[in-house]
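Below: the structure, in structure tokens.
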Amino acid sequence: MIYLDNAATTKVFETAIDAANTAMREEYFNPNATYKYGVAAKKNIELARRTIADAVGAKPEELVFTSCATESNNWVFARGIKNAKGNVVISAGEHSSVYEAATSLKNRGVDVRIAPFTSSGTVDENALYGLVDADTCLVSVIHVSNETGVINPIKRICKGVKARAPRALFHSDGVQAFLKCAEPLDGLGVDFYSASAHKLGAPKGIGLLYIKQGVNVAPFMCGGGQENGLRSGTQNTPYIAAYAAAVSQFKRDSDSAEIAAIRAELAEMFVKRGCKIVGDGENSGYILCVCVPGVKAEILQNLVHEHGIIIGKGAACAGAKRGNRVLAAMGLSPKEIEGCIRISLFCDTARADAIAAAQIISETADKLRSGNVG
Ligand code: PLP
């Protein structure tokens, strides 16, 4: 199998499985218990938090473990602005976990404003600045698009927003950027940043919310006061250990320049075959969105699956929904959107596999266009 849907999820590293196994088999004690095994389990959580914080350039106490990035994003919208009155601004390119959380605020009467996306795949910065004002309490802009891999310059955007809306808290959904974009988190200037472990070789069901030191936020869940009183519920010790192990392995194994070179090679191959690359803004290097003319992505996806090639066609979690809100926001027509496939790489992607897959995808698309499949 050649797996090229790593933006949807990644294969779990053996080191992460081992770490989770150890935590379940041997270190299964409640980390909030006061006897020595409980204390040891708590210590493991703090070690994991430090490992992840060091890797991304944050302070350990700024990271709160959650069950997934969807939870982190929802937390910010539901509780991040608990006492604030005013408008909320998001970009048109947000993942559905931000977009729908903002929509639910809108349904409750909050003034939610949406900044347009450009055809390059970034938020239209001037339009965004035009929407924020002294009453803006929250702004959310995705760091790396899960559809195209295009990077929003979050540091500059955050600075620009805060200059115009000093009261505003700034959130970025960093799921596809976490550890893949080099900038340290504390240097971005953001107040909140969401991440998910399963995009990095760890299991599904664990994520985190970065909350800048000094930023006040209401707890996501009340109860026993775990996670510094911010997210009650017994911590998921096996997956927290796995998350830290995956982060360490990703740091060791990943060669972003090599991944970007593979992506560039694939892009060139597709362009030579008459395809269009979606989003020409600066790319993380891990995601390639290709508009294949004259074919339906879903059919192409199923046909290449028969060759053992797994590709995506837009965000997996939006799979059930029709169309693609983000690609539409970039100006693609419904017909173009129908033909968009998403190829996403990871540190374990071999160049030869990716090239072989691109060849088969192109040949299959040619056959589909000429009606020569079956
Ligand atoms: N945000 C982005 C940009 C994503 O790509 C995803 C997952 O596809 C999520 C949020 C949701 O992450 P999780 O599966 O951890 O809820």
At 4 °C in a medium of viscosity 1.567 mPa s, the chain has a Stokes-Einstein diffusion coefficient, with Rh taken as the Kirkwood radius over alpha carbon pairs, in µm² per second, of 61 µm²/s
Counting pairs of alpha carbon atoms under 8 Å apart in space and at least six apart in sequence, what relative contact order in percent does segment 215-374 give?
23 percent
Evaluate the relative contact order of the chain (contact order divided by residue number), counting alpha-carbon pairs under 8 angstrom at least 6 apart; express in whole percent.
24 percent
In Å, what is the Rg of the alpha-carbon atoms in segment 16-56, and how long is Dmax?
10.9, 32
Treating segment 1-122 as a set of equal point scatterers at the Cα positions, no solvent, please give the Debye-formula log₁₀ I(q)/I(0) at q = 0.14, 0.18 Å⁻¹.
-0.91, -1.11
222 nm mean residue ellipticity, helices alone, for the chain (DSSP H n ≥ 4; -39,500 (n - 2.57); rounded to 500):
-12500 deg cm²/dmol
Let me spell out the model: positive unit charges on the Cβ of Lys and Arg, negative unit charges on the Cβ of Asp and Glu, origin at the Cα centre of the chain. What dipole size does that give, in debye rounded to 20?
780 debye
Taking r as the C-beta separation of E100 and E363 and R0 as 35 Å, the FRET efficiency to the nearest 0.05 is 0.35
Mind checking the full-extension length gain between K85 and A40? Use 0.36 nm per residue of separation minus the Cα-Cα distance, one decimal, nm.
11.9 nm
Only Lys, Arg (+1) and Asp, Glu (-1) charged, at Cβ; segment 167-244 dipole about Cα centre in debye:
140 debye
Starting from 0.36 nm per residue, how many nanometres of slack lie between S370 and A261 once their C-alpha separation is accounted for?
36.1 nm
Give the residue from T34, V326, L105 lying farthest towards the positive end of the charge dipole for the chain; charges sit on Cβ (+1 for Lys and Arg, -1 for Asp and Glu) and the dipole is referred to the Cα centre.
L105
Among 189-196, 128-135, the order from most to least packed when residues are scored by Cβ within 10 Å on average
189-196, 128-135
As I understand it, the dipole of the chain uses +1 on the Cβ of Lys and Arg and -1 on the Cβ of Asp and Glu, about the Cα centre. Which of G86, N146, I52 lies farthest toward its positive end?
G86
Starting from the Cα of K204, draw a straight line to each of the lysines and keep only those under 26 Å, dropping any in the same chain fewer than 8 residues away.
K11, K42, K43, K59, K180, K212, K251, K313, K321
Could the peptides 88-97, 102-111 be put in order, highest first, of the mean number of other beta-carbon atoms found within 10 Å of their residues?
88-97, 102-111
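Any read-out appearing in this document is the output of simple, stated calculations on the displayed coordinates, not a laboratory observation. Being a predicted model, the structure only gives us computed values, none of them experimental. Virtual Cβ from ideal backbone geometry, glycine too; neighbours counted across all protein chains shown.
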